[in-house]
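The values are calculated or read from the model by the stated rules, or taken from the named source; none is laboratory data. Keep in mind it's a predicted model, so treat the numbers as computed, not measured. Neighbour counts run over all protein chains shown; Cβ positions are idealised from the backbone, glycine included. Remember, those area values only see protein heavy atoms, side chains included, never the ligands or the DNA or RNA. Shrake-Rupley method; radii C 1.70, N 1.55, O 1.52, S 1.80 Å.
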Amino acid sequence: MNVLNNTVYWAVFVNLGTYYLGKILQEKTHMIIFNPLLFSTVFTILFLLIFQIDYDVYYENADCLYYILTPATVCLSIPLYEQLHRLKKNILAIFIGVLSGVIACLTSILLFALLFQWTHTMYVTVLPKSITAAMAMGVSEELGGIPSLTVPIVIMTGITGNIIAEKICKIFKITEPIAKGVAIGTASHAMGTAKAMEIGEIEGAMSSLSIAVSGTITVVMATIFCNFY
Amino acid sequence: MKYIKQFLIIVFVSFLGELFNCLIPLPIPGSIYGMILMFILLCSGILKLEQVKKTGKFLLDIMPIMFIPSAVGIMSQFEQLKDIWFQIILITITTTIITIAITGLSSQAIIRWKKRKESKKNECSE
């Protein structure tokens, strides 16, 4: 695979190509497993395993995608600003929604920890799973968890949200765009927000806002929940 | 030139966000500081929406693909996940469902309650 070491575009090409392919397949089949993010991730992992390419080699090629994530996250405030009047009008609904969501999330993790008889380290590693990766690593580290294990769990949560969010909203009859957006952002950070953006402008804006709000609330609440187990 | 200027502004705000992240000892990433900063700049009118909108919308449109490299990174954690992967998948799906349901339903309840109150008020004033 010498060729792959000397070119920098194959990784981006594989990622973009499989994402696009997943998108087309999903539109054609309406099947949840063709979620583009999941499809592209699984395909790329298989590709690397089959051709025995190190993750580090891949990452050297693909990190240009990761570099622009920060500027893109900064831009999440643009749709939010466009929905400023809705934000002002519904500030209570947004805040209470995020707060109850964070408490529900942390409580369910606590119950799972009791059920599976986890160690305290494992418990605090999973605790910040629903917030954006950089924040989750900080929380995990501060509470004595394993940050490098927190990250894949955060990502799995994001992919899960990206895949099932729309269905869950339908099942629970969550139809208000604001409530939908807040729910998706609180449960599955920026990866879910990417989906919310596709659903609609209001959903996307509220989901963006919820990343910051739920992240901050989780930082505080996790330090409290850390004492419960 | 239009895009260069817009990208310049966005990159500068990102840089400021990372600067905050270095200076303030809280587990808040630079991107979140940058997002808050951009929001303040827009609200205060220092930045006009048009000065960042086109490039910003482009970045948001392609945002999903930016998660792929870190998602693929799960493969380098296979060893750590191997004994607990079933628990992790179970907990990930369950808590995501619970969180979406509780958050959405509680915020929807407040929105509807407010709407009812408003329509009642309107009836009274009529």
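Some notes on this structure:
- Percent RCO, i.e. relative contact order, over chain B, from Cα pairs under 8 Å lying at least 6 residues apart: 19 percent
- Extending 7 Å from Cα along the Cβ direction at B:PHE86 and again at B:LEU49 yields two label points whose distance is 5.2 nm.
- Note on A:HIS30: accessible area is roughly 150 Å² with a 1.4 Å probe, heavy atoms of protein only.
- On Cα atoms only, tilt of A:147-171 relative to the major axis of chain A in degrees: 70 degrees
- Largest mean-square fluctuation among A:PHE172, A:PHE95, A:PHE112, in a Gaussian network model of chain A whose springs join Cα atoms under 10 Å apart, belongs to A:PHE172.
- Inter-chain shielding of A:146-152 (mean C-beta neighbours from other protein chains, 10 Å cut-off): 4
- Accessible area of segment A:2-67 belonging to carbon and sulfur atoms, whole % at 1.4 Å probe: 67 percent
- Ranked packing of A:159-167, B:20-28, A:19-27, most packed first, by mean Cβ within 10 Å: A:159-167, A:19-27, B:20-28
- Per-selection Rg to Rh, chain B - Cα, Kirkwood hydrodynamic radius: 1.12
- Shape call, chain A: gyration tensor on alpha carbons, a/c limit 1.5: oblate
- Max mean-square fluctuation residue, GNM over chain B, Cα-Cα springs under 10 Å, options B:LEU47, B:LEU37, B:LEU105: B:LEU105
- Unit charges at the beta carbon, dipole of chain B: most positive-side option, B:GLN51, B:THR96, B:SER125: B:SER125
- Total accessible surface hidden between A and B, rounded to 100 Å², 1.4 Å probe: 7400 Å²
- Chain A, helix-only ellipticity at 222 nm - DSSP H runs n ≥ 4, -39,500 (n - 2.57), divided by all residues, nearest 500: -26500 deg cm²/dmol
- Solvent-accessible surface (1.4 Å probe) assigned to A:GLU198 amounts to roughly 90 Å².
- Placing dummy labels 7 Å off each Cα toward the beta-carbon, the span from A:VAL57 to A:THR121 is 3.3 nm.
- Most mobile listed residue (B:ILE32, B:ILE111, B:ILE88) in chain B, GNM with C-alpha springs under 10 Å: B:ILE111
- Accessible area per residue (1.4 Å probe, heavy atoms of protein chains only) ranks A:LEU209, A:LEU16 as A:LEU16, A:LEU209, with the largest value leading.
- Apportionment of accessible area to carbon and sulfur, segment B:5-126, percent (1.4 Å): 68 percent
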